[in-house]
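Student: My questions will all concern the structure given below.
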Amino acid sequence: MNAKHIVLALICSVAPIKAQSELHYIKPFNQITLDDIMLVGGKNASLGQMISHLSKQGVRVPNGFAITADAYWHFLHENKLSEVIKQLIKQCSLEELPEVAHKIRDMIVNANIPAALSQEIGAAYRNLCMMYSNEHLDVAVRSSGTAEDLPNASFAGQQDTYLNIRGVDAILNNYKKCIASLFNERAILYRIEQGFDSFDVALSVGVQKMVRSDLASSGVAFSLDTESGFPDTITINGSYGLGEMVVQGAVTPDEFRVHKPTLKKGHRSIISKTLGNKTIQMIYEGSNKGVKEIEIPILDQRLFCLTDDEIIHLAQSICDIEDHYSELYDRWTPMDVEWAKDGIDGNIYIVQARPETVHAQRTPTKNVLITYHLDAPTQPTPIVQGQSVGQHIVTGKAHVIEDLSQIAVLKEGEILITSMTDPDWVPAMKKAGGIITNHGGRTCHAAIVSRELGVPALVGTGNATHIIRTGDIITLDCSQGHNGMVYAGNIAHRKEEIYLDRLPDLPVKVMVNIAEPSSAFTTAQLPVAGVGLARTEFIINNAIKAHPMAFIHPERIDDLEVMKEISKLCSAYDNPREFFVSSLAQGVATIAAAFYPRPVIVRMSDFKSNEYGHLLGGSFFEPNEENPMIGFRGASRYYDPAYQEAFGLECEAMKRVRNEMGLTNIKLMLPFVRTIGEAEKTINVMAQHGLKRGENALELIMMCEIPSNVICIDEFSQFFDGFSIGSNDLTQLTLGVDRDSGKLLHLFDERDLAVKRMLKMAIEGALRNNKYIGICGQGPSDHPEIAQYLTELGIHSLSLNADTVIPFIMRHSV
């Protein structure tokens with residue numbers, strides 16, 4: 001920067017080109033607050049509010065200026081357009097609206113900008129150029145309606161924005177285009193539906209320094225879980241290039257989640273990272289030439305668009321924004337934020353922030369839990385899968401529509417199947433009973449509008465328009481967490497409303513068993529004391545997919561196709577070990593965050609050798625056993641040379657969840673510990689990997705599922721802080737019955753006298769040693785008398801599958 005530029009920048013930073021009293025139609029962002037919303041519109045008011053109040057906290061917002069709503073009225077008045085537009089809208093029918101809207105826009109674009117307004121815009125642009133020491137600064141020209149981005153209405157996205165604009169003449173031309181967009185067909189219709197007269201709403205226009213995200217990445221973030229409304233997480237979507245690809249749903253973006261309570265305590269609490277399907281990006285074509293789409297190189301597609309440091313920084317900014325707005329409105333105000341990373345200076349900027357309008361509008365129903373359930377006798381096989389929006393289940397007739405020109409044929413209640421949507425699709429979306437798209441993520445247009453309409457949707461399916469045909473009867477299931485499914489045919493389902501404040505108190509704590517992290521935010525709404533069993537096997541099987549040892553000793557695998565699959569899994573991570581540790585840690589962290597600060601008991605992996613063998617590369621590491629149910633499983637693996645290195649990765653993941661992410665509400669549970677010596681060996685191995693009992697309040701729990709555990713419970717109590725009865729294995733091993741044998745099914749019964757005596761001995765032994773004891777098997781769910789028996793013995797908790805929690809509480813209240 002030369003001396004001339006330094007002097008000019010200093011002048012610009014302390015004074016506008018004109019004295020403020022002389023500016024009739026321009027207001028710099030750094031002089032704007034939310035009090036100016038009727039003058040500069042929602043978007044500009046929010047940008048000014050953040051610059052004025054949050055810059056010192058490290059929230060970066062590109063500077064600029066607002067062309068005020070007074071300028072809008074001045075423009076219409078000087079061109080004598082107001083009365084003409086009023087009469088055109090008043091007199092036109094719904095059928096005539098497209099033609100009338102087009103005529104109004106032409107009138108505006110062909111009108112002249114008054115000289116005084118033109119001069120002020122030119123002076124303000126030159127001022128901004130000097131502020132950034134760039135005589136030809138590229139800017140964004142952005143609409144900002146005075147009824148936009150309100151807590152109870154979302155006019156966002158209805159007016160146009162123009163990117164990569166340079167020079168006064170180009171700004172003036174695009175200013176008129178922004179004004180004209182206030183009268184596009186969809187904007188006029190939305191105002192009518194929301195009870196706004198077209199002349200109750202004015203338009204301000206923001207001129208803001210461009211962020212060169214075409215050279216980096218951008219996206220959208222919410223300060224809550226967009227589907228369940230869970231308030232303690234930040235959801236970030238992002239892709240390469242300009243953010244329009246994410247908003248349009250042209251790509252399935254990367255998704256990151258950060259846990260707010262532990263982030264605010266200084267922890268790096270990234271609880272999940274999901275690689276998207278980023279095939280194209282939008283970049284600048286050149287100044288005043290607009291933008292263009294290009295393909296993303298394959299290697300870049302396999303990488304995340306943000307680093308962990310950038311995710312944490314962005315999440316902290318979003319927390320600061322949410323806290324600030326919540327204080328302003330004197331209530332929790334979740335935020336919808338647009339962000340962009342500049343590829344030149346490497347910084348992340350906030351380019352828009354507005355109150356989230358779906359969960360913020362809802363009448364508080366904290367004590368009502370609404371759930372949807374399939375009633376099929378067996379789990380149906382999905383024909384299409386994607387990211388779910390909403391938590392409903394709906395059955396209907398599918399209608400595949402590939403082109404906007406065909407939307408009029410959609411009938412009320414049909415399930416719309418298309419590639420992606422934009423605001424012009426809204427009339428059809430309002431008629432749809434459900435929406436399914438090939439592309440997009442949870443913050444794309446289809447997802448946002450579906451939430452606002454209360455219509456279930458499935459986005460980012462990849463192939464829905466190719467698999468589903470018009471006329472097919474399908475069932476769209478968004479009830480099972482973040483992953484949604486489409487089933488062929490009419491699958492029976494039901495809706496339940498549970499009034500939580502009417503549920504009775506029980507003499508024993510009820511906890512829940514969970515395996516699927518994506519359902520955790522919904523499951524956590526159940527009236528439970530925590531998680532009695534979090535199964536890591538599900539995470540390994542579904543998210544990691546390969547045998548743990550394959551990431552440590554790939555040289556032992558001589559199958560090229562298997563190695564290609566494993567390499568693809570790990571592509572976004574520094575090395576294969578990091579992929580395993582991060583994926584397992586994130587799965588466990590998601591569950592722990594959902595229930596935080598309630599306790600979550602996480603069981604270390606308990607695959608049998610045949611189950612491990614079915615994982616990618618598993619056949620190269622697993623023995624063939626005649627009876628894997630009582631073979632090489634549980635604790636015996638953890639210190640054995642054949643698996644000890646893999647157990648080290650499991651320990652590293654748990655240490656990351658507790659120490660780095662701050663989720664110290666997790667307790668670690670060891671399964672199938674056969675002997676006292678095995679307990680000691682395993683605990684020593686864990687300590688070597690940084691998981692020492694008692695440090696950082698770490699508690700170790702043991703599965704009590706082998707007769708030796710019960711017989712020697714006094715001795716085991718020296719090594720553990722508590723026990724969890726695994727009634728399935730304990731019944732099997734007490735009675736000598738293979739629980740997988742159909743021939744012996746009639747003998748497998750937790751109510752058998754021998755099993756009940758084992759349960760009694762276990763509970764009495766734990767209580768005698770002042771240790772926690774619960775149960776995480778099926779017995780209490782299947783047999784009310786077992787639950788009663790355990791309660792009378794003084795068991796501390798009963799952990800049940802999620803679908804049995806409410807029925808169990810109701811049944812045992814009598």
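The values are calculated or read from the model by the stated rules, or taken from the named source; none is laboratory data. Note that the structure is a prediction, hence the values are computed from the model and not measured. Using ideal geometry, Cβ is built from the backbone for each residue, glycine included, and neighbour counts are taken over all protein chains shown. For accessibility, only protein heavy atoms count, side chains too; no ligands or nucleic acids. Shrake-Rupley method; radii C 1.70, N 1.55, O 1.52, S 1.80 Å.
Student: Please indicate, with yes or no, whether at least one residue in the stretch 539-551 is surrounded by fewer than 21 Cβ atoms within 10 Å (Cβ to Cβ), in contact with a helix residue (DSSP H, G or I) (Cβ under 8 Å, 6 or more places away or on another chain) and either within 25 Å of VAL258 (Cβ to Cβ) or not polar (S, T, N, Q) (or both).
Tutor: yes
Student: Same structure again: Give just the number: which of (1) modelled with pLDDT of 90 or more; (2) open to solvent by less than 40 Å² (accessible area, probe 1.4 Å); (3) farther than 23 Å from THR274 by Cβ does ALA376 not satisfy?
Tutor: The number of the failed condition is (1).
Student: So in the stretch 391-421, with the set limited to residues that are within 21 Å of the chain's Cα centre (by Cα), open to solvent by 20 Å² or more (accessible area, probe 1.4 Å) and not hydrophobic (A, V, I, L, M, F, W, C), which one is modelled with the lowest pLDDT?
Tutor: Keep residues of the stretch 391-421 that are within 21 Å of the chain's Cα centre (by Cα), which gives 391-393, 420-421.
Filter again for open to solvent by 20 Å² or more (accessible area, probe 1.4 Å), leaving 391-392, 420.
Restricting the remaining residues to those that are not hydrophobic (A, V, I, L, M, F, W, C) gives 391-392.
On the way: GLN391: 81, HIS392: 88.
Checking each candidate, the answer is GLN391.
Student: With the requirement that a residue be in a strand (DSSP E or B) and of a type outside the set (Val, Ile, Thr), what does the stretch 337-355 give you?
Tutor: Matches in the stretch 337-355: GLU338, TRP339, ALA340, LYS341, TYR349, GLN352, ALA353, ARG354, PRO355.
Student: Still on this model: Condition first: assigned to a strand (DSSP E or B) and either basic (Lys, Arg) or under 22 Å from the mean Cα position of the chain (by Cα) (or both). Now tell me which residues in the stretch 514-533 satisfy that.
Tutor: Filtering the stretch 514-533 down to residues assigned to a strand (DSSP E or B) leaves 514, 531-533.
Listed by number, the residues that qualify are ILE514, VAL531.
To keep it simple, each residue is scored yes or no on (1) surrounded by fewer than 23 Cβ atoms within 10 Å (Cβ to Cβ); (2) within 13 Å of the chain's Cα centre (by Cα).
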position: LEU224; (1), (2): no, yes
position: PRO231; (1), (2): yes, yes
position: TYR240; (1), (2): no, no
position: GLU244; (1), (2): yes, no
position: THR262; (1), (2): no, no
position: ILE270; (1), (2): no, yes
position: LEU275; (1), (2): yes, yes
position: LYS292; (1), (2): yes, no
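Student: Can you tell me which residues in the stretch 455-476 are open to solvent by 50 Å² or more (accessible area, probe 1.4 Å) and outside any loop (DSSP other than H, G, I, E, B)?
Tutor: HIS466, ILE467, ILE473
Student: Scan the stretch 439-454 for residues that are surrounded by fewer than 24 Cβ atoms within 10 Å (Cβ to Cβ) and either assigned to a loop (DSSP other than H, G, I, E, B) or free of Cβ contacts under 8 Å to residues at least 60 places away in the same chain (or both) and jot them down.
Tutor: Within the stretch 439-454, VAL449, LEU453, GLY454 meet the criteria.
Student: From THR252, THR279, THR307, which residue is surrounded by fewer than 22 Cβ atoms within 10 Å (Cβ to Cβ) and within 29 Å of LEU458 (Cβ to Cβ)?
Tutor: Numbers: THR252 fails: surrounded by fewer than 22 Cβ atoms within 10 Å (Cβ to Cβ); THR307 fails: within 29 Å of LEU458 (Cβ to Cβ).
Answer to the selection: THR279.
Student: Quick one: in the stretch 761-791, of everything that is among the charged types (D, E, K, R) and not in a loop (DSSP other than H, G, I, E, B), which residue is most open to solvent (accessible area, probe 1.4 Å)? Before you say what the answer is, go through the steps one by one.
Tutor: Pass one, the stretch 761-791, residues among the charged types (D, E, K, R): 764, 768, 771, 782, 785.
Next, only the ones that are not in a loop (DSSP other than H, G, I, E, B) stay: 764, 768, 782, 785.
Values: GLU764: 76, ARG768: 140, ASP782: 86, GLU785: 91 Å².
This residue is ARG768.
Student: Follow-up. Looking only at the stretch 605-643, count every residue that is more than 27 Å from LYS568 (Cβ to Cβ), among the polar types (S, T, N, Q) and at pLDDT 95 or above and tell me the total.
Tutor: Qualifying residue count for the region: 1.
Student: Moving on to the next point. For ASN367, work out the one condition from (1) open to solvent by 40 Å² or more (accessible area, probe 1.4 Å); (2) modelled with pLDDT of 90 or more; (3) in contact with a helix residue (DSSP H, G or I) (Cβ under 7 Å, 6 or more places away or on another chain) it doesn't fulfil.
Tutor: It is condition (2) that ASN367 fails.
Student: Restricting attention to the stretch 576-610, report how many residues are in a helix (DSSP H, G or I) and in contact (Cβ under 8 Å) with a residue 12 or more places away in the chain.
Tutor: First, pick out the residues of the stretch 576-610 that are in a helix (DSSP H, G or I): 576-595, 609-610.
Pick out the ones that are also in contact (Cβ under 8 Å) with a residue 12 or more places away in the chain and you get 576-577, 579-595, 609-610.
Here the count works out to 21.
Student: Let me ask another. Considering the stretch 525-538 alone, what residues qualify as being of a type outside the set (Val, Ile, Thr), more than 30 Å from GLY617 (Cα to Cα) and open to solvent by 10 Å² or more (accessible area, probe 1.4 Å)?
Tutor: As a first pass, look at the stretch 525-538 and keep what is of a type outside the set (Val, Ile, Thr): 525-527, 529-530, 532-535, 537-538.
The next check asks that each one be more than 30 Å from GLY617 (Cα to Cα); those that pass are 525-527, 529-530, 532.
GLN525, LEU526, PRO527, ALA529 - these are the residues of the stretch 525-538 that are of a type outside the set (Val, Ile, Thr), more than 30 Å from GLY617 (Cα to Cα) and open to solvent by 10 Å² or more (accessible area, probe 1.4 Å).
Student: Tally up the residues in the stretch 188-215 that are outside any loop (DSSP other than H, G, I, E, B), hydrophobic (A, V, I, L, M, F, W, C) and within 29 Å of the chain's Cα centre (by Cα), please. Don't jump to the end; show me each part of the working.
Tutor: Residues of the stretch 188-215 that are outside any loop (DSSP other than H, G, I, E, B), as a first pass: 188-193, 203-209, 213-215.
Imposing the further condition that a residue be hydrophobic (A, V, I, L, M, F, W, C) reduces the set to 188-189, 192, 203, 205, 207, 215.
Then drop every residue that is not within 29 Å of the chain's Cα centre (by Cα), which leaves 215.
Selection size over the stretch 188-215: 1.
Student: Given the criteria of a type outside the set (Phe, Trp, Tyr) and either open to solvent by 10 Å² or more (accessible area, probe 1.4 Å) or in a loop (DSSP other than H, G, I, E, B) (or both), does SER218 qualify? Steps first, answer last, please.
Tutor: Values: of a type outside the set (Phe, Trp, Tyr): yes; either open to solvent by 10 Å² or more (accessible area, probe 1.4 Å) or in a loop (DSSP other than H, G, I, E, B) (or both): no.
No; evaluated as a whole, the condition is false for this residue.
Student: Same structure again: Sort out which residues of the stretch 792-814 are open to solvent by 30 Å² or more (accessible area, probe 1.4 Å) and either under 32 Å from the mean Cα position of the chain (by Cα) or within 25 Å of TYR372 (Cα to Cα) (or both), and write them in order of number.
Tutor: ASN801, ALA802, ASP803, THR804, PRO807, MET810, ARG811, HIS812, SER813, listed by residue number.
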